[in-house]
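Engineer: Handing you a structure now.
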Amino acid sequence: METPVAEQAKATEVSVEERHYNIIGTRPIRHDGADKVTGKALYGADVRLNGMLYGKVLRSPHAHARILSIDVSRALALPGVKAVVTSADLATLDSVVSRVGEGAVNWRYLSNNILASDKVLYHGHAVAAVAATSLNAANEALNLIDVQYEPLPCVITAVQAMRPGAPILLQELRTNELGARGEIPTNIASHDQNMRGDLERGFAEAAVIVEREFTTGIVHQGYIEPHTATAVWGTDDQITIWTSTQGAHDARRQVAEVLQLPVSRIKVIPMEIGGGFGGKTVIYLEPVAALLSWKSGNRPVQVTMSRFEVFAGTGPTSSSVIKVKMGSASDGRITAAQVTMAYAAGAFPGSPVGGAMSVILNAYRMENVQIDGYDVVTNTPRVAAYRAPGGTNAAFASESVIDELACKLGIDPLEMRRINGAKEGDRRVDGPLIRRIGYLETVEKARASAHYQSPLPAPSTPGLKVGRGVASGWWGNWPGGTSSVSVIVNNDGTVNLIEGSTDIGGSRVAMAMQLAETLGLQAADIKPMVVDTDSVGYNDVTAGSRTTYSTGIAVHKAGLSIIQQMRERAAQLWDVESASVDYADGVISSKDNHIGFKELARKVGDGDGNVVASISISPNGDGVALATHIVDVEVDEETGKVQILRYTAVQDVGTAIHPAYVEGQIQGGAAQGIGWALNEEYVYDQQGRLLNGSLLDYSIPTALDLPMIEAVIVEVPNPTHPFGVRGVGEVPIVPPAGAVANAIANATGVRMTVLPMSPQHVLEALWTQGNERV
Amino acid sequence: MANKTAVQATINGEDVEFLCEPHQSLLEVLRDVLRLTGTKEGCNNGNCGACNVILDGVLVNSCLVLGVEAQGKRITTIEGIAPPHGLHPLQQKFLEHAALQCGICTPGFIISAKALLDHKPHPSEHEVRHWLAGNLCRCTGYDKIVRAVLDAADVMAVEVSK
Amino acid sequence: MQAFEYIPATTVKEAIAILAREGEQARVLSGGTDLIVQLREGRRKVRAVIDIKQIPEVNELSYDPATGLQIGAAVPCYRIYGSPAIAAAYPGLIDAVSLIGGVQIQGRATLGGNLCNSSPAADSIPALIAHQASALVMGENGERRIPIEEFCIAPGRTQLQRGEILLSIHIPPVSPYSGGAYLRFIPRNEMDIAVVGVGAWVALDQSGTTITAARIALGAVAPTPLYVPESGAGLIGKLVSSETVAEAATIAQAAARPITDMRGSAQQRSHLVGVLTRRALHIALKRAGYKSA
Amino acid sequence: MASVWIPSLLRDLTGGIVEFRVSGDTVNDLLNTLDERYPGLRARLCDKDAIRPNIALVIDGLRSQKGLRERVAANSEVHFVPAISGGNLNNKSDLCRMS
C-alpha cells in the first residue's frame, strides 16, 4: 500500500453510523462453550503424553544474591530423576532489544529471567529445573540441588531503588533518556517526558491547586490457571510445545530466541487458556520444558507452576509512586498539570510507565502539562503486562486529584469531567490529535444513569458511612500487530474459520459473528478454531484489546474474498459476467438467477477446487477506549473496611459484536480494579521475601465481595474497523481505584493516597487525616 | 516410594478401582490416574474452588482430600452431571448467560452451584454469593455466574413441578 | 507431597496405639483442610497419617438440652450448623463454624482439627472458650478433660501428650438468659484468616438487665487463642450499658499481645480487639434477651 | 510539508523548537532531513534502520506499524510518543542501547 497515510486511513474508514446488523449485536452461544461447561476442554495442564515426565523449578529463597555455585549431582542421582537444567544450558544471548507483542524484550534479560545466571534478582527467581518420573521425585530432587549464594542487600520499591547508594541490580544499566545514555550505574532504567505549553502560566491562572503523592503496591493478574508447558524435543530436533499462552506465535519466537533456534524448528500448540490478562504474553517454562526433554532423551516433559510460583516467579504489574499537581480555574477548566511517576519494573527494565504516561491525563484537554516517567528496576519479579498496563495506578492518582479539585470548586464531579473532557480534534497530552472517541458520551450516559440519578442508599448499619464516587479512564488500545486467518467453505455450506489468535474470553464467537455478518450466514454456520503455529499465518498476542479489532478486520477481509469467489462461481454456473452477480445476505443473484450460499457451496468443488481465502494484515489502527464508572461504597470507620454497594461501568465500545461478552469484559475489568483498589498487594518482609504468595493471603474478590456490576454500553463506532469495533478488554480496569477512592472521600472526608485501600490503610488514613476532613 | 493402595469408589455413577499412593490427593487421582481432567487445579490448597467435587453429597475441594480417602465413596465431577446427549440446566444457563470467559473456573463453579441447588433449590442472590465465595473467578466479576445459577434454579424448579 | 503411610483406624484404641508408637511422626487426619496443606508444603513432616473418620465415637454429634452439646472430633462443620436444634441453642458457635473457610471447607473441616491445629487465628477456638467448652482427650492411661482455654500452648502445639487423641468437645447446656457470639475481622467477606477474632458469652439475671456471668476470648492477638477472664469478670453484677460493654472491651484490648504480620499491624489489631469485643458483646447480650432501650 | 513534533527530551537538540514542517515521502525522509540540521536527532529515535521499540510512532492519530517506511501525506502530523511498555535498557552495544 503506497498511498499516503491520511488517504489510506480515509480509505479504510467506512461509515458505520446507523448500520443495522443481522448477527452483530446478538448473543449466540459460543462455539467452544459446551466443552468448557462439561470439562472436556483441554487446558495446558490437561495434556497427557505417553512417558511424560514431571518438571519442577528450583527458585531463589533470596531477593538479591550472587550465585556462587550450583551442584546438581545429588539431584541427578535420585531414582526417577532424568534431567536437570540450569542457566549453563542456555546460550548467553546478546543484549538486544526487540519489539515483542505490545512491548519490548531484551533477549538476554528474558533468558536470565527464565533461569538466573550470575545473580538472582528476586525471591522466586528460577535457578534450576528437574524432570523426573513423578511429581514427588521432582520435588524431592529440588531439595538435593545445592546452590551457594552470597546474599546482597535488596530494594523492593522504586523509591528505595532510586535512593543514592541503593544496591545496584544490573551493573551495566544506565539511565536512558530517549536514546541518551547516562554515565553511572543506576537502577533507573529510563526517563521519559511529555511536555506542552507553559506550566508556570497555567498554575498562575488556577484558582485552586491540588498537589498529592500516591503510592501503589504490586498486584498480580491472578488468573486461575497456573502457567504450564509441555514439550517434546524430538529425535529429529523438531520441538513441539503445548502451552497456555496469549500468543502462540509470540511464544514460538521467544522460545526460538532463547534457545537460539530457527522458528521453523518449533511448533507451539496453543491449549485452552485459563486467563492471562497480559501475564501470559511472556514465556517462563517453555524453554525449560524443551531443554529438560532434550536432556532426558527426548521424553515429553510437563512443567506446571504451583500457585506460589505464579505469584513469586511470574510478572505481576508495577508498584508505583506518582506525584500529581493540578490547577483549575474557578469555572472548572484545568489550567495546568504536572506529574512525576516512577514505576517499579522488577528485576529487569520494562515497567509500563509509558502506558501510564498516556493514561494519566489523556482523557482531558490540557494546554499546560508536563509528565515525567521513570522506569526503575527492583528486587521483585520482572513485571508483565496486566490489563491496561500502568493505567489503574495512573488514573487512581489523576482521578483523585480531579475529584478533589471539583470538590473544592463545588462542581459536580461528572460536570468537571464534561468541562475538561477530550473529544475529536483535541490534542492528547503527549501530542497527537485525537480521532473519534466517545468520552463525553460516557460522561453523559453516566450522568443520566439510574445509578447517578438515585440518592445514596442509607447505611446498612447505623454509624457506617456511605459515599459515591466517579472516575474515568482512557486506554489507547493496540489496534495493530499482525493477524492472519484462513477461511474454508465446506460443501455443506458451513465455513471453517482458522485463526491463530488465542481465545481467552470468547473471541472465537466474536470472530465467527463477524464472518457470519460479512457472509450473511448464521454464527452457528461458522466453525471457528484456533490452531497451532504451523497451521496459520502469524498472529500477534491476544493482548492490548486488539483481537476482536485486528483479527476481526482480517476475518472481514477474508469474508470479502469468499464473497468475490462465490460470485465468480455463480457466474460460471449461470454463464454470466461475474460483475453482474450480486451478493447480499447470503444470497448470490444475477438478473435471472439466485442461489443461497449453502446451495452454491454444495455445487462447488466438483473439479473447480474449493473456495478458500487466507488473509494476513497489519492494520494501522486506532480505537481509543474510554470509560466512566460510578460506585457507591459503605465505610466502617471503626474497622476501615469498605464494602462496594453498587457499581455502574459505562464504556464506549465502538460496536459490541457479542454484547454479553462485552459486558463480561467490562464487569471482569471492574472487578479486578475493585480488587486492586481494596485488598490486593504483594507483602514483603525486610529481606525481600514474598509473604503472601497464595490465594488465601493475596485477596482477590470473591462473589460475596461484589455486587452485580451494571455494564452500560455506549457505541460510538470506530471508523477504522469495518463494523466499528474498539477494543474493550482493558479500559474497564482503569477507573475503579480512582472511583472507589473518590467514594471513600465522599463518605468519610478522607483522601486515600495509597493502594490498596485495605482496612489497615483506611484506618491509618482515618487516624492521621481525621482532623482535616472536608 | 510408598506402596500403592487399591481404592474402590463410585465416580459419576460408575464403580471404579484405582491404585494410588497415600500422598496423592483426590485431585491428582482424578486428573493423573483416572484422566478426568475436567476438575482443575488452581491453587492446590483449598482457596480457589477450581477442583471442587461432590463427595457423598458434600461439596469438597478435591485437593484437600487424599485419594485413599475415596474408598467406598460416591464422587461427582464435572464430567458426571450432564444427562446423556444433553447438558445439565446449570451448564445450559452458564452458556446462555455467558457466565464464563476463559472457562478454567467453570467446572468448579458448576459443581458448587449443583451442590447448592441440591441442598437449597431456591437460593437468594446472597445465598448464591455466599455458597460460591470459595470459588474464585478472575474473568467475570461473578455477575453473570450468579445470574446463571439463579436462572438455573428457576428452570429446575419448573422442571420439578412438571 | 511427601510420602507417608495412610492408616485408616477403626477404633480409638488402635489410633492411640499408633500415636503412642509413632509420637510426633504420626498425625491424626480428620477433615484434612489444614493437615494436607501442611504436608504438601512441607511445613509438617510425618511418617504416618491416621484417618479417624471410620471411628464411630469421633463422628458423634449429640445435643441434649439437659447435658449440653457433644461434638465428636471428626464431625465436620456443616453437620453442626446443619442441625436446627444446635443452631438455635448455640448461635455463637454457629457464627464461628459457618465462617471457617468456604462452604467446601466446611464440608470437611472439623472443630477437632481446628483445635488440634492450634492456630492463634483459629475461628472456632475463641467461640468455644467463650462457651466454656472442654475437650475430652483419651490416651493409653484413660481419659482426661481439658478446658479449651488451656488446650493450645503454642502455635501448632497443644496439651496432647504422646499417645493421646482428642475424642470430642463438650459445651455445657444453655443456661437461661445467656447468649454467645463470635465476630472476626477479615479484609474480604469470606475465605480469609482472622485479623482479629472475638468470642463473647454473657448471662443475665431474670430481669435481663444485669450481667451475671461473662466470658471473652480473643483470636489472632497472641501465640494462642487468648481467654481474657478479667474482661468478663469486670462485667459481672453490672447493669448492661454501652459504658460497661466499652469497659470490658478496653480490658480485652489491654490483654491482647498482637504482632504485626502480613495480615495486619499490631496497632490495627489492638484497635480491632476493642471494636469487635464491644460488637460481639452487644450481639451476645441481644441473644441473651437484653432489650436495649 | 508534513509536521514533525519533537519529543520534549530531544528539544535540547532543536533549541527548544517543538514542531517542524519537513518535506519528504516517508518518516525516514523526514528524520534524515531533520538530522542534517540537528545531527544526532535521528540516532536518539532510531536503532539504525528502525524506530526504537519503546517509541510509538503516531501519524495523524493512528499508530503506525511500518515505522521509518511509513509514508506521510503533505499535511500529516508525525509524533513519537512513549510506548506502552518502557522496554528494556541496556548495555554494551550502542546499537542495541535503548530503554
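Taken together, the values in this text are just the output of simple stated rules run on the coordinates, not laboratory data. Because the structure is predicted, anything quoted here is derived from the model rather than measured. Here the Cβ positions follow ideal geometry from the backbone for every residue, glycine too, while neighbour counts run over all protein chains shown.
Engineer: Would you work out the relative contact order for the range A:644-774, in percent, from Cα pairs under 8 angstrom that are 6 or more residues apart?
Structural biologist: Normalised by residue count, the contact order of the range A:644-774 is 36 percent.
Engineer: How big, on average over all directions, is the shadow cast by the Cα convex hull of the range C:57-171, in nm²?
Structural biologist: 6.6 nm²
Engineer: Follow-up. Within 10 Å of each Cβ in A:499-505, how many Cβ atoms from other chains are there, averaged over the peptide?
Structural biologist: 2
Engineer: Turning to a different aspect of this structure: May I ask for the net charge around A:Asp492, where only other residues with Cβ less than 9 Å from the Cβ of A:Asp492 are counted and Lys, Arg are +1 while Asp, Glu are -1?
Structural biologist: +2
Engineer: Then there's this: Students often get this wrong, so check it: of A:Lys267/B:Lys40; B:Lys93/B:Lys144; C:Lys238/C:Lys286; B:Lys40/B:Lys114; A:Lys36/A:Lys56, which have C-alpha atoms separated by over 19 Å?
Structural biologist: As for pairs spanning more than 19 Å Cα to Cα, those are A:Lys267/B:Lys40; A:Lys36/A:Lys56.
Engineer: OK, next. Based on other C-beta atoms within 10 Å, arrange C:Glu150, A:Glu309, B:Glu96, B:Glu41 from fewest to most.
Structural biologist: With the fewest neighbours first, C:Glu150, A:Glu309, B:Glu96, B:Glu41 line up as C:Glu150, B:Glu96, A:Glu309, B:Glu41.
Engineer: Okay, moving on. Quick check on the exposure proxy: order A:Thr502, A:Thr482 from fewest to most C-beta atoms within 10 angstrom.
Structural biologist: Listing A:Thr502, A:Thr482 from fewest to most nearby Cβ atoms yields A:Thr482, A:Thr502.
Engineer: Oh, and also: Give me the percent of Cα-Cα pairs in chain A that sit more than 50 Å apart, rounded to a whole number.
Structural biologist: Of all Cα-Cα distances in chain A, 17 percent exceed 50 Å.
Engineer: Taking the Cα centre as origin and putting +1 on Lys and Arg beta-carbons and -1 on Asp and Glu beta-carbons, what dipole magnitude results for chain B, to the nearest 20 debye?
Structural biologist: The calculated dipole for chain B is roughly 260 debye.
Engineer: Across the range A:317-322, in residue order, what do the Karplus-derived ³J(HN,Hα) couplings come to in whole Hz, using 6.51 cos²θ - 1.76 cosθ + 1.60 with θ = phi - 60° and x for Gly and Pro?
Structural biologist: Once rounded to whole Hz, the list reads 10, 5, 7, 7, 10, 9.
Engineer: Next up: Any lysines with Cα under 18 Å of the C:Lys13 Cα? List them, leaving off those in the same chain fewer than 8 positions away.
Structural biologist: Leaving aside lysines fewer than 8 places away in the same chain, those within reach of C:Lys13 are C:Lys53.
Engineer: Also: For every other residue with a beta carbon closer than 10 angstrom to the beta carbon of C:Ala20, add +1 if it is Lys or Arg and -1 if Asp or Glu, then tell me the sum.
Structural biologist: Cβ neighbours under 10 Å give a net charge of -1.
Engineer: Something else about it: With the Cα gyration tensor of the range C:178-287 giving a ≥ b ≥ c as the square roots of its eigenvalues, does the rule (a/c under 1.5 for rounded; else a/b larger than b/c for prolate; else oblate) give rounded, prolate or oblate?
Structural biologist: prolate
Engineer: Now for a separate question. Taking the Cα centroid of the range A:553-585 and of the range C:173-198, what is the distance between the two, rounded to the nearest whole Å?
Structural biologist: For the range A:553-585 versus the range C:173-198, the Cα centre distance is 71 Å.
Engineer: Next up: Per residue, how much space in cubic angstrom lies within the convex hull of the C-alpha atoms of the protein assembly as shown?
Structural biologist: Value for the protein assembly as shown: 183 Å³ per residue.
Engineer: I would also like to ask the following. Any idea what the relative contact order of chain A is, in percent, if you count C-alpha pairs under 8 Å spaced at least 6 apart?
Structural biologist: Averaging sequence separation for qualifying contacts and normalising by length gives 16 percent for chain A.
Engineer: Using the charge dipole of the protein assembly as shown (Lys, Arg: +1 at Cβ; Asp, Glu: -1 at Cβ; taken about the Cα centre), state which of A:Ser545, B:Val160, B:Ala70 has its Cα farthest towards the positive end.
Structural biologist: Result: B:Ala70.
Engineer: Counting alpha carbon pairs within less than 8 Å and at least 6 residues apart, what relative contact order, in whole percent, applies to the range C:5-51?
Structural biologist: 55 percent
Engineer: Taking amide hydrogens as modeled 1.01 Å from N in the peptide plane, which residues meet the under 5 Å criterion relative to D:Cys46, leaving out close sequence neighbours?
Structural biologist: For D:Cys46, the qualifying residues are D:Arg52.
Engineer: With the dipole of chain A worked out from charges on the C-beta (+1 for Lys and Arg, -1 for Asp and Glu) around the Cα centre, which of A:Pro736, A:His451, A:Thr175 lies farthest toward the positive end?
Structural biologist: A:Thr175
Engineer: Among residues other than B:Tyr142 whose Cβ falls under 12 Å from its Cβ, what is the net charge (Lys/Arg +1, Asp/Glu -1)?
Structural biologist: +1
Engineer: May I pose another question? Run the reach check for A:Lys445 against lysines, Cα to Cα strictly under 16 Å, same-chain hits fewer than 8 apart removed. What comes back?
Structural biologist: Qualifying lysines at Cα under 16 Å: A:Lys423.
Engineer: Pick from C:Asn189, C:Asn117, C:Asn59: which residue has the top mean-square fluctuation in a GNM of chain C where Cα pairs under 10 Å get a spring?
Structural biologist: Its mean-square fluctuation being the largest, the pick is C:Asn189.
Engineer: Could you please rank A:Val288, D:Val81, A:Val576, placing first whichever residue has the fewest other Cβ atoms within 10 Å of its Cβ?
Structural biologist: A:Val576, D:Val81, A:Val288
Engineer: If you don't mind, there's one more thing I want to ask. Could you give the dipole magnitude of the protein assembly as shown about its Cα centre, charging the beta-carbon of Lys and Arg +1 and that of Asp and Glu -1, in debye to the nearest 20?
Structural biologist: 1560 debye
Engineer: Which whole-Hz ³J(HN,Hα) couplings does the range A:336-346 yield from phi under the Karplus relation 6.51 cos²θ - 1.76 cosθ + 1.60, θ = phi - 60°, glycine and proline marked x?
Structural biologist: 6, 8, 10, 10, 10, 9, 10, 10, 7, 8, x
Engineer: By DSSP, what percent of the beta bridges with both residues in the protein assembly as shown are antiparallel, rounded to the nearest 5?
Structural biologist: Restricted to the protein assembly as shown, the bridges split so that about 80 percent are antiparallel.
Engineer: Go through A:Ser590, A:Trp475, A:Gly217 and say which Cα lies farthest out towards the positive end of the charge dipole of chain A; charges sit on Cβ, +1 for Lys and Arg, -1 for Asp and Glu.
Structural biologist: Toward the positive end, the furthest listed residue is A:Gly217.
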